[in-house]
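Here is the structure we will look at, set down as structure tokens.
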Amino acid sequence: MGIKIIGAGQYIPPGFEGTEVVAARLGIAADDIVRKTGIEKRHLAGDETASSMGHKALADAIERAGIDKDEIDGVIVATFTGDYLYPSMALKLVQSLGLKAGLAFDLMANCAGMQAAFENARALLLANPKMRVIAVVGIAKQSPFVDPNDENSAYFFGDAAAAVLMGSGGAAPGAGFLPSYFNSHTKNYELVRLRGGGSSYPHHSAALRQDSKALYYEHTGLGVWKEVVVELPKIIRHALDDLGWSVDELDLILFHQANLRLIEYCMARLKLPMSKSLNNVAAIGNTAEASLGTVMCDAFRAGHFGKGKKVLLASVGAGFMYAVTPYYDH
């Protein structure tokens, strides 16, 4: 039995902030931001909730897949910016969409979250023949946690949601999602973090007076760059070697949309032309767990996951966890 993508949806909130606006607020040149990151604007959810964005993305996926919502047996949400610390966003989506899904939970692997969710969903579908469709949803409402005056983070992050429907019906054995490759590399654990709300930094006045920075993303961009440009190509090569695929066989490689220049650098390290990647980070910014899902949605609608196509998904999450997921519909 194989596990394939049967539908994909996304929601990008209409409000946005252009790089020129961010640059003016920070007192730096817009051209410098674009040269460094490739990001020209980031979309902001405003009064919309994380769950409402996830609802719209999943509803879009269901409609485009042409299935009944009652066919969804499970929902796995990748997020660290849910409406509440708990209950889960997955249960909220079951409620808001009126799903009959019995399985619903969140997981947190930061920007590698959707790939961790794909592997969980793949294993569940293979293990339980009564389950036929699982929705994997990535949700990022990051704007409340970004200090608008922090030069290290203000121009990177945006809000979005994406949904991928994974199904077991009609796929050839071993087709579609293949086992993922993961690697945890914790030497630089503290380089990207959000401490506020954790049990060591609870949201009460004394803690916030002690360390107000704990409320916001702390992001050391140069350190992240140095970490990722070494480790991400390394795990991609390991996956290719293990699969017996040459890099030239790849039809497409889709990255977590962190930074266009970082993607360009990794593609150069792999000796692949940018024409073998699809990217949206320039238009919507780094949308964390939603970012891989949004670009997968674009690729799926364009036919890049069709028969005979060899696709790699590659992400890195804070802390750091690296993930590579092969997809081959043979």
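Taking loop as defined by DSSP and a crowding limit of 14 other beta carbons within 10 Å, which chymotrypsin sites (Phe, Trp or Tyr not before Pro) in the range 162-199 fit?
Taking the range 162-199 and a limit of 14 other Cβ atoms within 10 Å, the loop chymotrypsin sites (Phe, Trp or Tyr not before Pro) found are Tyr189.
Determine, for the range 212-290, the count of lysine pairs separated by eight or more sequence positions (or lying on different chains) whose alpha-carbon distance falls under 20 Å.
4
Out of every Cα pair in the chain, what percent are spaced more than 27 Å from each other?
Roughly 41 percent, once rounded to a whole number.
State whether the range 87-142 is rounded, prolate or oblate according to the following rule on the C-alpha gyration tensor (a ≥ b ≥ c being the square roots of its eigenvalues): a/c under 1.5 gives rounded; otherwise a/b larger than b/c gives prolate, and the remaining case gives oblate.
Oblate shape, in that a/c is at least 1.5 and b/c is the bigger or equal ratio.
Using the beta-carbon distance between Asp251 and Val230 and R0 = 22 Å, what value does 1/(1 + (r/R0)^6) give for FRET efficiency, to the nearest 0.05?
Plugging the Cβ-Cβ distance into 1/(1 + (r/R0)^6) gives 0.30.
Using Cα centres only, tell me the gap between the range 67-86 and the range 157-218 in whole Å.
For the range 67-86 versus the range 157-218, the Cα centre distance is 15 Å.
Applying 1/(1 + (r/R0)^6) with R0 = 22 Å to the Cβ-Cβ distance of Lys271 and Ile28, what FRET efficiency is obtained, to the nearest 0.05?
0.05
Just check the range 1-159 against the gyration tensor rule for me: Cα atoms, a ≥ b ≥ c as the square roots of the eigenvalues, rounded for a/c under 1.5, and otherwise prolate or oblate depending on whether a/b exceeds b/c.
Prolate, because a/c is 1.5 or more and a/b exceeds b/c.
Rg (Å, one decimal) plus Dmax (Å, integer) for the alpha carbons of the range 136-220?
Rg and Dmax of the range 136-220, Cα atoms, are 18.6, 58 Å.
What FRET efficiency would be calculated for the residue pair Asp150, Met1, taking the C-beta separation as r and a Förster radius of 56 Å, to the nearest 0.05?
0.75
Cα centroid distance between the range 109-126 and the range 286-330, in Å?
12 Å
Calculate, in nm to one decimal, what Asp241 and Asp211 gain on full extension: separation in residues at 0.36 nm each, minus their alpha carbon distance.
That pair, Asp241 and Asp211, stretches by 6.2 nm at full extension.
Please compute the net charge surrounding Thr49, taking Lys and Arg as +1 and Asp and Glu as -1 over other residues with Cβ under 13 Å from its Cβ.
-1
Based on C-alpha coordinates, I'd like the Rg and Dmax of the range 81-175, in Å.
When restricted to Cα atoms, the range 81-175 yields Rg and Dmax of 16.0, 52 Å.
For the range 260-330, run through the chymotrypsin sites (Phe, Trp or Tyr not before Pro) and keep only the ones in DSSP coil with at most 10 other Cβ atoms within 10 Å of their Cβ.
Filter output for the range 260-330: empty list.
Which of the trypsin sites (Lys or Arg not before Pro) across the range 247-320 are loop residues per DSSP, with 14 or fewer other Cβ within 10 Å?
Hits after loop and neighbour filter: Lys271, Lys307.
With θ set to phi - 60°, apply the Karplus curve 6.51 cos²θ - 1.76 cosθ + 1.60 along the range 74-79 and write out the HN-Hα couplings as whole Hz, x wherever there is a Gly or Pro.
x, 10, 10, 10, 9, 6
Rank by packing, highest mean first: peptides 137-148, 6-17, with packing defined as the count of other Cβ atoms within 10 Å averaged across residues.
So the peptides 137-148, 6-17, ranked by packing, come out 137-148, 6-17.
Any read-out appearing in this document is the output of simple, stated calculations on the displayed coordinates, not a laboratory observation. A quick note: this is a predicted structure, and the numbers were derived from the prediction, not measured. Virtual Cβ from ideal backbone geometry, glycine too; neighbours counted across all protein chains shown.
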